[in-house]
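Report on one structure; see the data block that follows.
The values are calculated or read from the model by the stated rules, or taken from the named source; none is laboratory data. Computed from a prediction, not measured in an experiment: that's the story for all the values here. Here Cβ is always computed from backbone atoms with ideal geometry, including for glycine, and neighbour counts include all displayed protein chains.
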Amino acid sequence: MANFSKYGSCILLLLIFLNAAMGQSDFYGRLADSAYTLTRQEVLYDLSYFRINYPMGDVPADKGVCTDVVIRAYRKMGIDLQREIHEDMRQNFQLYPKYWGLKTTDRNIDHRRVPNLIYFL
């Protein structure tokens, strides 16, 4: 559980949300279990920009930020947030936050940005 302190706030928020939604579907319980198992991995907090494969790309397994826990938990459920968010941003770019001054999507990082995840989810 050493990684829980590194990802604590993100995991807690995810688990609280999932716990509140538990009555709706077994999906949320399985997602919470997936997220919890990820807290047992040794991961170094790393804000670096990575060029990653598409679809199903990921930063190195021993690196990441809090959003990578969410992304990896969904991926364990068979959902590729990299692809889902990229495709949605391509169709609805004007609706996503503009904090970074981008003119187009970036499939390497868009799904790893908290404001984009919040908007998408």
Could you count how many residues in segment 104-119 are more than 12 Å from the chain's Cα centre (by Cα) and either of a type in the set (Lys, Arg) or within 15 Å of LEU47 (Cα to Cα) (or both)?
2
Every residue from segment 81-104 that is surrounded by 18 or more Cβ atoms within 10 Å (Cβ to Cβ) and in a loop (DSSP other than H, G, I, E, B):
TYR96
TYR45 is checked against (1) exposed (fewer than 14 other Cβ atoms within 10 Å of the Cβ); (2) at positive phi and fails just one. What number does that condition carry?
(2)
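Pick out the one residue from LEU13, LEU18 that is within 18 Å of ASN116 (Cα to Cα), part of a helix (DSSP H, G or I) and at pLDDT below 85. Please lay out each step first, then the result.
Values: LEU18 fails: within 18 Å of ASN116 (Cα to Cα).
That would be LEU13, the only listed residue that is within 18 Å of ASN116 (Cα to Cα), part of a helix (DSSP H, G or I) and at pLDDT below 85.
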